[in-house]
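Heads up: the structure comes next, in C-alpha cells.
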Amino acid sequence: MKNKKLEEIVVEYLTCKDESLKKELKEKLLELDYKQHELEYLDKLYFDLDKLEVPDPGPRLNKNFYSALDVQISQLKQEKNWYQNLLHTFSIYNNRPFIKFAYALILIFLGWSIGFWQSSSPSYNKELKAMANEIYNMKVMMTLSLLNQSSPDEKLLGIQKAGMLTDIDTQVILALLETLNNDPNAGVRLETITVLEKFGFHPLVRQGLVRAISQQESSMVQLYLADIMVRLQEKNAVEPFRKLLNRKNLNENVRDKIEKSILVLI
Amino acid sequence: MGSSSDIEIMLRVKAGDIEKLGLLFERYKQALFAYFYRNTNRKHTSEDLVQNVFLRILKYRQRFQGYGKFTTWMYQIARNVYLDHCKKDNPHSSKKDSLNDNISDESTAETHYLQDESIELLGCALNRINDADREVLILSKYQNLAYKEIGEIFGCSEGTVKVRVYRALIALKKKYKALEAP
C-alpha cells in the first residue's frame, strides 16, 4: 500500500467488492487528503457505467461467421486433399519395380555425381596426395624400424611390410640388402630375396643381389639366388657364379644348378 | 468452462480441427461484441469486428503457444482489430460531435434503450473520451479481465493499468459534467 500511487488506491476502492475492505480503503484515501465528494462522485459514476446497456448481436453475426468458417474449412480440406492425393500417387507407384529401379538409378547417379565432383576438385586431389605421402612415409619408417630389430619374427614382419610397399624406397632397399648379407637366419635371407625379386627392375636391387652371391654360405640361399638371377636375366651374375663354382666345399646340387644357370644366362 | 478448456480447444484448432473455432466463437462472441459496441457504438460494425477477430485467430492459429490465458491472447487480437478499424474509418470523429451519437447511424429500434437521461448522458460522455482511455476503461469494467491481463494486452504493468483506468474515469467525469451543464 505504501508504494502505491493514490490513483491506484482509488481504482482499487472503486472496484472492491468486499465492503469492509472498501471502507478501509476509503479511510486510507481520506487520510491521504483525497476529497470525499470526489470519491463518492467517482464511485457513483463507476457504478452507473454498469447501467449502460449493450444490445445483443444480430443473427448476421452468426450467419457471416459460420459462412466464413465453412469457406476456411473447405479450403483446408482442398489443401489436405491435394497433399493426400500426392501421397496416394506415390504410394501406388512406389511398389512398382520400375519405380524402384528408377530410384536406384537416381541414387547411383547422385553418388557418381558427388564422387566426380569431389575427385575433380584440385584442392581435394592435393589433400589426397599429401595424405597418401604421409601414409607412405609412415610405412617406410615402420619397415626400417622392423628390419633393424634382432628378432627374426620382427625382421620377417619388416620384410613383409617392405614387400607391400607400392613404390620402393632406397633406404628400404639398402636395409633389405643389409639383411640379406648379414642376417644369420637363412629363412630371413630367403624371404628377403623373394621381396627383392619383386623390385628387380631397380638397378640397386640387381647389383645388390649379384654381390650377395659370393657372400652366401647356405646351399638353399645359393640355389634360390641362381633361380632369381635366371628369372631376372641378370648376366652380371655369371662371373660371381663362376667364382662360386671354384669353391671346393660347394654342394653338388648347387654346383649343378649354378652350371645350368650360367648356361642360360650367357 | 475454464481457460484451460479454451486452450485445449484452441490447440485443436491449431492442429487443423478448425471446426472447433465455433465453440470459442459461441463462448466469446457476446463479450467481444460488447467490447466493440462500447468502443464504436455501432452494431453492424461491432458484428463485423467480432468476425474479424475470429478470422484472425484462424489465420494466426500457428502462433498460439498455449501459455497464459486464451482470453488475453484473444483480446490482444481484438485490440489490434479495433485499432486497425480506427485507422481505417476513424469512426468517432463525426460521432463525438453530436449528442445523439449513442444512437448510431446503424442503430435500429432494437438499439434504443429505455435509459434514463443521466445514463444516456453517461453513454455520450463515454463516447467522447479519447480512444485509449475508453479502451482501458471498457476492458477493466466490462470484460472481466484482471489488471494483470490488461497489462499483458497493453504491454505495461498492473499499476500502470490502474493509473490509466483512474485517468480515464477522471476524463469521463469531466465530459459527463460538461454534458450535464445547461
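The values are calculated or read from the model by the stated rules, or taken from the named source; none is laboratory data. In this text, all values refer to a predicted model and were calculated from it rather than measured experimentally. Every residue, glycine as well, gets a Cβ built from its backbone with ideal geometry; the counts of neighbours run over all protein chains shown. Areas reflect the complete protein model, heavy atoms only, side chains present, ligands, DNA and RNA absent. Shrake-Rupley method; radii C 1.70, N 1.55, O 1.52, S 1.80 Å.
Here are a few things to note about the model shown:
- Net charge dipole size for the protein assembly as shown [Lys, Arg +1 and Asp, Glu -1 on Cβ; Debye, nearest 20]: 1400 debye
- The Kirkwood radius of the stretch A:123-266, taken over pairs of alpha-carbon atoms, gives through the Stokes-Einstein law at 37 °C and 0.692 mPa s a diffusion coefficient of 204 µm² s⁻¹.
- Among A:141, A:119, A:151 the positive-end extreme of the charge dipole of the stretch A:113-155 (Cβ point charges): A:119
- Residue with peak Gaussian network fluctuation, chain A [Cα springs, cutoff 10 Å], from A:86, A:244, A:107: A:86
- Distance cut-off 31 Å, percentage of C-alpha pairs in the protein assembly as shown lying past it: 67 percent
- Between helix A:186-198 and chain A there is an angle of about 70 degrees, using the helix long axis and the longest principal axis of the Cα atoms.
- Expressed as a whole percent, the proportion of Cα-Cα pairs in the stretch A:146-208 lying more than 18 Å apart is 22%.
- With a cut-off of 14 Å between beta carbons, the residues surrounding residue A:266 carry a summed charge of 0, where Lys and Arg count +1 and Asp and Glu -1.
- Alpha carbon convex hull of chain A, projected area averaged over orientations, nm²: 40.9 nm²
- Note on chain A: GNM, Cα springs under 10 Å; of A:47, A:199, A:101, the largest mean-square fluctuation is that of A:47.
- Residue of A:201, A:241, A:65 that the Gaussian network model of chain A assigns the largest fluctuation, springs spanning Cα pairs under 10 Å: A:65
- Chain A, relative contact order in percent, only Cα pairs under 8 angstrom and at least six apart counted: 8 percent
- Here the accessible area of chain A is 57 percent carbon and sulfur, with a 1.4 angstrom probe and all protein chains present.
- Kirkwood Rh in Å, taken over the stretch B:1-71 so that all alpha-carbon pairs contribute: 12.6 Å
- Residue-averaged 222 nm ellipticity for the protein assembly as shown, from DSSP H runs of 4+ at -39500 (n - 2.57), nearest 500: -24500 deg cm²/dmol
- Relative contact order %, the stretch A:86-205, counting alpha carbon pairs below 8 Å whose residues are six or more apart: 16 percent
- In terms of distances greater than 21 angstrom between alpha carbons, the cross-link table entries A:4/A:26; A:17/B:43; B:59/B:148; A:17/A:51; A:44/B:174 yield A:17/B:43; B:59/B:148.
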